[in-house]
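One structure is given below, encoded as structure tokens.
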Protein chains: 2
Amino acid sequence: MALTHYPVVNKNGEIITSAVTNLDLHDIARAVRTFGARAFYVVTPLADQKRLVEKIVSHWTEGFGSTYNPKRRKALEMIHIKESMNQVLEHIAASGEGFPKVTVTCARDIDTRPGISYKAFRKLLQSGNPYLLVFGTAWGLSEPFIAKADYIIEPIKGNTGYNHLSVRCAAAIMLDRLMGKHNLN
Amino acid sequence: MALTHYPVVNKNGEIITSAVTNLDLHDIARAVRTFGARAFYVVTPLADQKRLVEKIVSHWTEGFGSTYNPKRRKALEMIHIKESMNQVLEHIAASGEGFPKVTVTCARDIDTRPGISYKAFRKLLQSGNPYLLVFGTAWGLSEPFIAKADYIIEPIKGNTGYNHLSVRCAAAIMLDRLMGKHNLN
């Protein structure tokens, strides 16, 4: 799984680099660990933001936090900090998995390209091939980034017309839908 | 749905009143709105914490935030602030729904009392009777509070022995499991 802070859009649809949110790191790392995803990549091209993430992660994995709350350590250990999505792909390839197929998330339907269903993507994950699931921060991933992806996963829909989940909650729900043990139907 | 800050336990199992976390309000309100739960009760017995929640909610429902981001307004409008769980039950009863059955959440299995499954609870919700789903902050709801509940819902389990989700992510996953539209199996 990857959470990227570039290229994402702001409220007006302009491409920006967003700031890192501390609780995104904690919440998504804990969900990644719970559902057994292989790694959690945090992507930011900004040097000061990268240092901030390194500081947070090392507090919980090596510093005071690692003994104060070892369960938090086990979650934050899943984090790899990268400057670009290419660095993420190369890191996965270098681990011997090969280059992953990139699947992007988007809160709205893309008219020109129907999203892959959770059921179908769950099956793909069980194939053993590597897949990278990418979440955007701010108002979501940029259109050109979405257009380049191998797959778009269908949006999470509730029972209402409203679907404005935080990226933390959306990531947790997707992990549960794709990797959770449940029998709901 | 209710998120309570008392009676919950700390790391050492002692009963405490926890502090309110801003992102709990936002994330859970957005998930409540997305999945169509009827209301989101935030419970704290502390006067200053109650004022803090009122200030946050009114910023987004009446203040600058309400025009800056109307989608956030629609979510935070779901929040009712109460001082105790009894006040919550009375508020629901006064709305004409009758007193709800109280269902509590707990990250671990309770040895003496098996949890109700998501599938079974999903059916109960469809009956039209009122149910209140309660989440604890900090290290979770106190044992005596859990013991008094009508139902305990089974913990969310991933694919690993680890299940330390944030309350924000746990609440979102439960709403999806109980009220989401999906066909996963």
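The values are calculated or read from the model by the stated rules, or taken from the named source; none is laboratory data. Small disclaimer: the values here were computed from a predicted structure and weren't measured. Cβ placement follows ideal geometry from the backbone for every residue including glycine, while neighbour counts extend to all protein chains displayed. Side chains are part of the model used for accessible areas, which takes the heavy atoms of the whole protein and leaves out ligands, DNA and RNA. Shrake-Rupley method; radii C 1.70, N 1.55, O 1.52, S 1.80 Å.
Here are the numbers:
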| quantity | calculated |
| --- | --- |
| Contact order relative to length of chain A, as percent, for alpha carbon pairs under 8 angstrom and 6 or more apart | 29 |
| Charge-dipole axis of chain A as Lys and Arg at +1 and Asp and Glu at -1 on Cβ define it, positive-most pick from A:Val167, A:Val43, A:Val32 | A:Val32 |
| Region B:82-180, accessible surface, carbon-and-sulfur percent (1.4 angstrom probe) | 51 |
| Antiparallel content of DSSP bridges confined to chain B, in %, to 5 | 15 |
| Label distances, nm, A:Leu124 versus same residue in remaining copies, Cβ-directed 7 Å point | 3.7 |
| Exam field: A:Ser84 pseudo-label spacings to other copies (7 Å along Cα-Cβ), nanometres | 6.1 |
| Chains A and B together, accessible area buried on both sides, 1.4 angstrom probe, square angstrom | 4100 |
| Radius 12 Å from Cβ of A:Ser84, net charge of other residues (Lys, Arg +1; Asp, Glu -1) | 0 |
| Accessible area (Å², 1.4 Å probe, nearest 10) - B:Glu62 | 150 |
| Heavy atoms of A:His80 accessible to a 1.4 Å probe, total area in Å² rounded to 10 | 60 |
| Helical mean residue ellipticity (222 nm; -39500 (n - 2.57) per DSSP H run of 4+; nearest 500) of chain B | -12000 deg cm²/dmol |
| Exposed-loop-free span, longest in chain A, where trypsin sites (Lys or Arg not before Pro) count as exposed if DSSP calls them loop and at most 13 other C-beta atoms lie within 10 Å | A:12-107 |
| For the protein assembly as shown: accessible area per residue (Å², 1.4 Å) | 46 |
| Nearest-first distances (nm) between copies at B:Asp150, label 7 Å from Cα via Cβ | 4.8 |
| Alpha-carbon centroids, region A:1-71 and region A:112-181: separation in whole Å | 18 |
| Accessible-area order (highest first, 1.4 angstrom probe) of the listed residues B:Thr105, A:Thr67 | A:Thr67, B:Thr105 |
| Violating pairs (Cα-Cα greater than 21 angstrom) within the set A:Lys11/B:Lys74; A:Lys82/A:Lys157; A:Lys119/B:Lys119 | A:Lys82/A:Lys157 |
| Over the protein assembly as shown, volume per residue of the alpha carbon convex hull, in Å³ | 148 |
| Charge dipole magnitude, Cβ of K and R +1, D and E -1 - chain A, Cα centre, debye nearest 20 | 640 |
| Accessible area in the full protein assembly, largest first, 1.4 Å probe, for B:Thr160, B:Thr34 | B:Thr160, B:Thr34 |
| Selection from A:Pro100, A:Leu178, A:Asn86 lying farthest towards where the dipole of chain A points positive, charges on Cβ | A:Leu178 |
| Geometric extent, Cα atoms of chain B - Rg, Dmax (angstrom) | 16.1, 50 |
| Amide proton proximity set for A:His80, modelled H, under 5 Å, gap of 5+ | A:Phe40, A:Tyr41, A:Val42 |
